[in-house]
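Q: I have a structure here, written as structure tokens, and I will follow up with some questions on it.
The values are calculated or read from the model by the stated rules, or taken from the named source; none is laboratory data. In this text, all values refer to a predicted model and were calculated from it rather than measured experimentally. Using ideal geometry, Cβ is built from the backbone for each residue, glycine included, and neighbour counts are taken over all protein chains shown.
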Amino acid sequence: MAEMAIATEDLVALLRWYIDQGVDEAIDEEQVDRFAVPPPAPAAPAAAAARASSTRPAAPTPPRSPVPSPVTRAPVPIESPQLVEDARALAESCNTLAELEAAVRAFEGCALKRTAKNTVFADGTPGAPVMIVGEAPGGDEDRLGKPFVGVSGQLMDRMMAAIGLTRDGGFYITNILFWRPPGNRTPTVAEQAMCLAFTRRHIELARPKVLILAGGTSVKAVLDTTEGITRMRGKWVSYRLGDGTELPTMPTFHPAYLLRTPASKRLSWLDLLAVDKKLKELTA
């Protein structure tokens, strides 16, 4: 059966979709071990070997040098538990948001920083009544150095404006990761742990009245839970600060998820109404 030709406009549309999704590198379907010893060349068939031996006298076989076995080296991880502890100690030594931001920008322990264009720390108003913690910077955020500035960020701004909150005094916004993972891949446990050390201190220094966790990755990391976002969203939980203060926390869907599943916007609207009600109770 002849292969079906793919129209040029279809290929262009597919490439545009890849770019919109943050794909910036091509990867094979299967992993390739570049350090593996290549397989030996196939031996000559027996018949060919017999013909060769019959046409010329056998030459003395020279002594074969032993083939050295490949050297096995223990892998050296880019991240280590010590780096996580270093991040925690550095974060705890910061007493202001300005000091914390400087510490994050100077921190070299996280591998994500080596591939990112910018450090994405925070946006909005420090000390605002609401703090939003998302997941990770995307392509737009990495380029501009601010969180939630792409399409999903624009949706977040409209959602918060619906309950009377803007970045200019109404809310403060950040992510658990300060650098974009290449190709928007899932960050490793070590990468999350290092960034989370700073994020926890970030929440303590910002001290909002209400904390919103946007997206399953943010919810699981900050609350240290295995529960999925579908079961957690819409339910108030408490996040304990270092001094023992209980912070009312609302898990909700990430706006990027809402762009993919518009039917879930109704549930997120209910979450925002609950946040608005909680704020009024706390300021009454």
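Q: Between a residue in segment 255-268 that is more than 13 Å from R233 (Cα to Cα) and any residue that is acidic (D, E), which pairs come within a Cβ distance under 7 Å, given they are 6 or more apart or on different chains?
A: Filtered contacts from segment 255-268: no entries.
Q: Just checking, how many residues over segment 251-266 are touching a Leu at 6+ places or on another chain (Cβ under 8 Å) and surrounded by 19 or more Cβ atoms within 10 Å (Cβ to Cβ)?
A: Here the count works out to 5.
Q: Would you confirm whether any residue within segment 186-202 is in contact with a strand residue (DSSP E or B) (Cβ under 8 Å, 6 or more places away or on another chain), under 24 Å from A87 (Cβ atoms) and aromatic (F, W, Y)?
A: The answer is no, given that none of the residues of segment 186-202 is in contact with a strand residue (DSSP E or B) (Cβ under 8 Å, 6 or more places away or on another chain), under 24 Å from A87 (Cβ atoms) and aromatic (F, W, Y).
Q: Working only within segment 229-250, note down all residues that are loosely packed, with under 12 Cβ neighbours inside 10 Å and in a loop (DSSP other than H, G, I, E, B).
A: Within segment 229-250, G242, D243, G244, T245 meet the criteria.
Q: Answer yes or no: is there a residue in segment 189-203 that is part of a helix (DSSP H, G or I), in contact with an Asp or Glu (Cβ under 7 Å, 6 or more places away or on another chain) and within 21 Å of Y172 (Cβ to Cβ).
A: Yes: one or more hits.
Q: Give me the residue from segment 127-156 that is assigned to a helix (DSSP H, G or I) and touching a residue at least 40 places away in the same chain (Cβ under 8 Å) and, out of that set, surrounded by the most Cβ atoms within 10 Å (Cβ to Cβ).
A: Once the filter is applied, the top-ranked residue is M156.
Q: Just checking, does segment 251-259 include any residue being farther than 30 Å from R88 by Cβ, among the aliphatic types (A, V, I, L, M), modelled with pLDDT of 95 or more and in a helix (DSSP H, G or I)?
A: For segment 251-259, residues farther than 30 Å from R88 by Cβ, among the aliphatic types (A, V, I, L, M), modelled with pLDDT of 95 or more and in a helix (DSSP H, G or I): present.
Q: Consider R240 carefully, then state whether it is in contact with a helix residue (DSSP H, G or I) (Cβ under 8 Å, 6 or more places away or on another chain) and of a type in the set (K, R).
A: Against the criterion (in contact with a helix residue (DSSP H, G or I) (Cβ under 8 Å, 6 or more places away or on another chain) and of a type in the set (K, R)), R240 does not qualify.
Q: Examine segment 189-204 for a residue that is under 11 Å from the mean Cα position of the chain (by Cα), surrounded by fewer than 22 Cβ atoms within 10 Å (Cβ to Cβ) and either on the phi > 0 side of the Ramachandran plot or not polar (S, T, N, Q) (or both), and state whether such a residue exists.
A: Yes, some residue in segment 189-204 is under 11 Å from the mean Cα position of the chain (by Cα), surrounded by fewer than 22 Cβ atoms within 10 Å (Cβ to Cβ) and either on the phi > 0 side of the Ramachandran plot or not polar (S, T, N, Q) (or both).
Q: Return only the number of the condition from (1) under 23 Å from L272 (Cβ atoms); (2) touching a Leu at 6+ places or on another chain (Cβ under 9 Å); (3) not hydroxyl-bearing (S, T, Y) that A197 does not satisfy.
A: Tallying (1) under 23 Å from L272 (Cβ atoms); (2) touching a Leu at 6+ places or on another chain (Cβ under 9 Å); (3) not hydroxyl-bearing (S, T, Y), A197 fails exactly one: (1).
Q: Going residue by residue through segment 157-173, is there one that turns out to be at pLDDT below 95 and not in a loop (DSSP other than H, G, I, E, B)?
A: For segment 157-173, residues at pLDDT below 95 and not in a loop (DSSP other than H, G, I, E, B): absent.
Q: Could you grab me the full set of residues in segment 96-117 that are part of a loop (DSSP other than H, G, I, E, B) and either in contact (Cβ under 8 Å) with a residue 40 or more places away in the chain or among the β-branched types (V, I, T) (or both)?
A: Those that are part of a loop (DSSP other than H, G, I, E, B) and either in contact (Cβ under 8 Å) with a residue 40 or more places away in the chain or among the β-branched types (V, I, T) (or both): T96, F107, G109, C110, A111, A116, K117.
Q: Continuing with this model, one more query. Go through the residues of segment 218-227 one by one and say whether even a single one is within 24 Å of the chain's Cα centre (by Cα), more than 20 Å from I163 (Cβ to Cβ) and among the small types (G, A, S).
A: Yes: segment 218-227 contains one or more residues that are within 24 Å of the chain's Cα centre (by Cα), more than 20 Å from I163 (Cβ to Cβ) and among the small types (G, A, S).
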